[in-house]
2 protein chains.
Amino acid sequence: MSFDARIRAAIEGDIRSGALRPGDRLPSEHELAAHHGCSRATVSKAMAALHRAGLIERRRKAGSFVADQHVHSAVLEVPDLEQLIAARGHAYRWHCRERRQDGPELHVEGLHFENGTPLAFETRAITVATVPDAAAESFAEVAPGTWLLAHIPWTSARHRILAAGATSVEAEALGVPAGTACLILERSTWRGDAPVTTVRQVFRGDMFDMVAHFEPSPR
Amino acid sequence: MSFDARIRAAIEGDIRSGALRPGDRLPSEHELAAHHGCSRATVSKAMAALHRAGLIERRRKAGSFVADQHVHSAVLEVPDLEQLIAARGHAYRWHCRERRQDGPELHVEGLHFENGTPLAFETRAITVATVPDAAAESFAEVAPGTWLLAHIPWTSARHRILAAGATSVEAEALGVPAGTACLILERSTWRGDAPVTTVRQVFRGDMFDMVAHFEPSPR
DNA sequence: TGGATTATTATGTCTAGACATAATATCGGA
DNA sequence: TCCGATATTATGTCTAGACATAATAATCCA
């Protein structure tokens, strides 16, 4: 086990066990280096990792302190649906219901199938100015999400997760009664300041949920 | 701007612009160090950050490569409801509907109010063996989530987010029609291998959604 | 030619310093 | 006593090396 990992484990253990409580000051990096018999750079690396994990706060001159545990911040993986379904070992199919150019935006609407059953109804707008190649793509064969992943890198994204009853259009497309509770994922993606795409995916609630894990230990 | 940040920005820019494509090999750390006029340790730090952000893969002997962009992994903040409502500047209140000891578990059921309106219906099980102090707590005044945050640190958590129609009990508690689409958050928390608590929160869909952001740039 | 050994290479981790920076504590003067 | 200048301290970033480790490439022998 590396010094780095050992120091992190020692401090995290002290925090978890309650030996160090939120607000407590940790020994200085010099002291920790002397105590663990390693250099300060190594201690600093461990402290940076603990800080990233949200376990400690670092303040110049003042020192490092055990952070308040206040938020569960979990890493949510939002995979491309084709990859998700493939990873489940199921058959994936995309069906495009509509594609129309609407001024500066290309609107695409369609369904994602898992083993022949509709899993999600997708409504998407693609900003053609940011993704000029999209104008030449029919999206009949390949889902726009999959195509975009391969054609343009994003720099930031915003996700919104909500629940709502299926509208009549969504319900008909998914083959469920209108008003059925559905998980909805809305995602907007940018490349720098330029908008790339905005997508709304309505999931059949009985076939999909989202899972997020939280492990404070940094890698 | 530090060398670290400058190197990261340069490489990220090359990836975003398409100058470097997924699978491409980056220059070796020695070459990057020479090119940027800094030491290899600094380059290595920048590469570690890019790796954490999922932009590159690193393989010994082989070098570093631009990673495939395949998953949107976003950081989901799951705050304590009391803190969330306080942050919105609204009044928070907890109402305990039931508290009963059921073998090794303490079951608590209640409502979270925002400005006097029920926001979430909570059903929780606390493992008394892991949190012995909980046996002496009534949870009449303080919500179990808030209490647990202050009394026991967790080491890992698993979140599940789904949508479902409100059951008659949930609907009555929340004051919405039965079957109303609700966002549901289920969270299980452990301390090491010991289970701490499992909670299910049913949210009034019209008052709550979850937002997650994704910024690949490491801090 | 095939397979095992050896050399090479790039990352992974670490050291023992250095200077920069920001926040606090202390002290001197008005 | 209050205020401002100064000293101190802990983190933040960096250097120029070092050795470890793992994966590939080259080599040598059967």
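Based on the Cα coordinates of segment A:3-66, what is the per residue volume of their convex hull in Å³? Walk me through the numbers on the way to the answer.
Details: hull volume 4.7 nm³, N = 64.
Normalising the Cα hull of segment A:3-66 by residue number yields 73 Å³.
Cα extents of the protein assembly as shown along the three principal axes, largest first, in whole Å?
Projected onto the principal axes, the Cα atoms of the protein assembly as shown cover 67, 64, 40 Å.
For the interface of chains B and A, what total accessible area is buried with a 1.4 Å probe, rounded to the nearest 100 Å²?
Details: alone 12480 and 12480 Å², together 20580 Å².
Heavy-atom accessible area buried at this interface is about 4400 Å².
Hey, with R₀ at 22 Å, roughly what FRET efficiency would A:H95 and B:R160 work out to, going by the Cβ-Cβ distance, to 0.05?
The computed FRET efficiency comes out at 0.20.
Considering Cα pairs under 8 angstrom that are at least six residues apart, work out the relative contact order of chain A and quote it in whole percent.
Answer for chain A is 17 percent.
Return the whole-Å distance between the Cα centroid of segment A:41-78 and the Cα centroid of segment B:43-115.
Between the Cα centre of segment A:41-78 and that of segment B:43-115, the gap is 14 Å.
Enumerate the helices in chain B for which the Kyte-Doolittle hydropathy averages -0.5 or more and the C-alpha atoms extend at least 24 Å along the helix's axis, using complete DSSP H runs.
What comes out of the filter, once short or polar helices are dropped, is none.
What is the distance in Å between the Cα centres of segment A:116-143 and segment A:151-208?
Segment A:116-143 and segment A:151-208 have Cα centres spaced 13 Å from each other.
What does a probe at B:D102 reach in segment B:185-211, counting residues whose amide N is under 18 Å from the point 7 Å along Cα→Cβ?
Only B:185-189, B:195-202 fall inside the zone, counting backbone N under 18 Å.
For q = 0.17, 0.24, 0.27 Å⁻¹, what log10 I(q)/I(0) does segment A:119-159 give under the Debye formula with an equal point scatterer on each alpha carbon and no solvent?
Debye intensities relative to I(0), on a log10 scale: -0.50, -0.98, -1.20.
7 Å along Cα→Cβ for the label point: how many nanometres lie between A:A86 and each equivalent label in the other copies, listed shortest first?
Going from nearest to farthest copy, the values are 4.7 nm.
Mind checking the mean number of beta-carbon atoms from other chains within 10 Å of the Cβ atoms in A:173-185?
Details: counts 0, 0, 0, 0, 0, 0, 4, 5, 12, 3, 7, 5, 3.
Taking all residues of A:173-185 together, the mean is 3.
Can you give the accessible area of A:Y92, probe radius 1.4 Å, in Å² rounded to 10?
Here the residue's solvent-accessible area equals roughly 50 Å².
Bin width 5 Å, alpha-carbon pairs only: give the P(r) of chain B as whole percents, running from 0 to the bin holding the largest distance.
Per 5 Å bin, starting at zero, the Cα-Cα P(r) for chain B comes out as 1, 6, 12, 13, 12, 9, 8, 8, 9, 8, 7, 4, 1, 0 percent.
Any chance you could list P(r) for segment B:61-112, counting all Cα-Cα pairs in 10 angstrom bins from zero, rounded to whole %?
17, 23, 21, 16, 12, 10, 0
Compute the FRET efficiency between A:D133 and B:V169 as 1/(1 + (r/R0)^6), taking r as their Cβ-Cβ distance and R0 = 35 Å, and round to the nearest 0.05.
E between A:D133 and B:V169, to the nearest 0.05, is 0.10.
Top mean-square fluctuation among A:L106, A:L148, A:L55, Gaussian network model of chain A, C-alpha springs under 10 Å?
Maximum fluctuation in the GNM of chain A, among the listed residues, is at A:L55.
Round to a whole number: what % of the accessible area of segment A:21-92 belongs to carbon and sulfur, probe 1.4 Å?
Its accessible area is 51 percent carbon and sulfur atoms.
Quote the charge dipole size of the protein assembly as shown about the Cα centre in Debye, to the nearest 20; the model charges only the Cβ of Lys and Arg (+1) and of Asp and Glu (-1). Don't jump to the answer; show the numbers that get you there.
Details: 50 positive and 54 negative charges, 348 e Å.
Once rounded to the nearest 20, the dipole reads 1660 debye.
Relative contact order for segment A:131-219: what percent, with Cα pairs under 8 Å and sequence separation of 6 or more?
23 percent
The values are calculated or read from the model by the stated rules, or taken from the named source; none is laboratory data. Just so you know, these numbers come straight off a predicted model, no measurement behind them. Glycine also receives a Cβ, built like all others from the backbone with ideal geometry; neighbour counts cover every protein chain displayed. The protein model used for the area step is the full one, side chains on, heavy atoms only, and it has no ligands, DNA or RNA in it. Shrake-Rupley method; radii C 1.70, N 1.55, O 1.52, S 1.80 Å.
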